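A.B. asks: What follows is a structure written as structure tokens; I'll ask about it next.
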Amino acid sequence: MVSTMDEVMREPHFRVVIFGSARIREGTHQYKQIYALAKRVGELGLDLVTGGGPGLMDAAMSGHFDGKKGADVHGIGLQIRLPKEQRDSKHLDIKEEFSRFAPRLDTFVALADVVIVAPGGVGTMLELAYVWQLMQVHQMRKIPIILLGDMWPDFVRWVREWPLKHKLLDRGDVDMLYLAKDSGDAMRLITLAHEQFAKRGRVSPDIPADRPL
């Protein structure tokens, strides 16, 4: 079993990154959705990467721990030093703490084979925008960005009605985004991406799916 971030970076292992709010509490619908999704990710033997904090990050790590089988499946937390929201997620196998957001975001990018963006605030929006823009300008390989939950259809509608309509971005930029209404939808997309990875050693952003975008 690997024990350091350097060892993780050298491992050819499929990894799911989940971004989401630290403020959403246990027992809520969103918490349960992320727990269920992460449990399935663990059952498939896939690594999980989060910000390593409370809220939806804790839901993800708890679900992943309950689903995973074997010592070669890792729950990875990339933590940030903040004056608030400092409690660690449970069940982190590997964690690394950052004092600034930029190197932390770059580490998320380096680890991700697929990105799930759950409901969240400014931090979650920053993570989404960073990954999306790096793919737009070809500074990272293109992977699926899956927007999970009720927060995102209005956002995608706004993207189409403003930036896309006014030619501030291209249709191909919007096509990087996949809407998933629940954990089952998200898991189907993750499974398709993982099948590509198993066959080719890489993931394409153009995974076949019915996408209401």
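Values in this text are rule-based calculations from the coordinates and carry no lab data. The structure presented is a predicted model; accordingly, all values stated were derived computationally and were not measured. Cβ: placed from backbone, ideal geometry, glycine included. Neighbour counts: every protein chain shown.
A.B. asks: Just order 193-199, 14-20, 63-69 by mean Cβ neighbour count inside 10 Å, highest at the front, would you? Mind dumping the intermediate values first?
C.D. replies: Working: 193-199: 16.1, 14-20: 25.6, 63-69: 21.1.
Per-residue Cβ counts within 10 Å, averaged per peptide and sorted highest first, yield 14-20, 63-69, 193-199.
A.B. asks: Sort 140, 187, 125 by Cβ crowding within 10 Å, fewest neighbours at the top.
C.D. replies: On the way: 140 16, 187 21, 125 13.
Arranged by neighbour count, lowest to highest, 140, 187, 125 become 125, 140, 187.
A.B. asks: Under the rule of -39500 (n - 2.57) per DSSP H run of 4 or more residues, summed and divided by the residues of the chain, what mean residue ellipticity at 222 nm is obtained, to the nearest 500 deg cm²/dmol?
C.D. replies: On the way: 8 runs with 89 residues, N = 213.
Roughly -12500 deg cm²/dmol at 222 nm, from the helical runs in the chain.
A.B. asks: What is the spread of the Cα atoms of the chain along each of their three principal axes, largest first, in whole Å?
C.D. replies: Principal-axis extents of the chain (Cα, largest first): 48, 42, 31 Å.
A.B. asks: Check which residues have an amide H placed less than 5 Å from residue 147's amide H, if you skip close sequence neighbours.
C.D. replies: Those qualifying (amide H under 5 Å, at least 5 residues apart or on another chain) are 117, 178, 179, 180.
A.B. asks: Hey, another quick one. Give me the three principal axis extents of the stretch 66-151 from the C-alpha atoms, as integers in angstrom, largest value leading.
C.D. replies: Reported extents, whole Å, longest axis first: 35, 34, 29.
A.B. asks: Take the alpha carbon gyration tensor of the stretch 1-91, find the square roots of its eigenvalues, order them as a ≥ b ≥ c, and report rounded if a/c is under 1.5; if not, report prolate when a/b exceeds b/c, else oblate.
C.D. replies: Oblate shape, in that a/c is at least 1.5 and b/c is the bigger or equal ratio.
A.B. asks: Ordered by packing density, taken as the mean number of other Cβ atoms within 10 Å over each peptide's residues, highest first, how do 36-48, 166-178 rank? List each step's numbers first, then the result.
C.D. replies: On the way: 36-48: 23.2, 166-178: 13.9.
Taking the mean over residues of other Cβ atoms within 10 Å, the ranking is 36-48, 166-178.
A.B. asks: If you don't mind, another one. Output the pairs from 32/167; 95/181; 32/95 with a Cα-Cα distance over 28 Å in this structure; if there are none, say none.
C.D. replies: Values: 32/167 38 Å; 95/181 30 Å; 32/95 23 Å.
Distance filter (> 28 Å) returns 32/167; 95/181.
A.B. asks: Quick one: net charge around residue 74, please, counting Lys, Arg +1 and Asp, Glu -1 for every other residue with C-beta under 11 Å from its C-beta. All intermediate terms of the calculation are to be shown ahead of the outcome.
C.D. replies: On the way: positive: 15, 68, 95; negative: 7, 11, 47, 72, 93.
Cβ neighbours under 11 Å give a net charge of -2.
A.B. asks: Checking understanding here: applying a Kyte-Doolittle mean of at least -0.5 and a length along the axis of at least 24 Å (C-alpha), which whole DSSP H helices in the chain pass?
C.D. replies: Values: long enough: 183-200 (25 Å, -0.35).
Qualifying helices: 183-200.
A.B. asks: In debye, nearest 20, what is the charge dipole magnitude of the stretch 48-196 about its Cα centre with +1 on Lys and Arg Cβ and -1 on Asp and Glu Cβ, if you could check? Kindly include the intermediate steps, with their values, before the conclusion.
C.D. replies: Details: 18 positive and 20 negative charges, 56 e Å.
Dipole size: approximately 260 debye.
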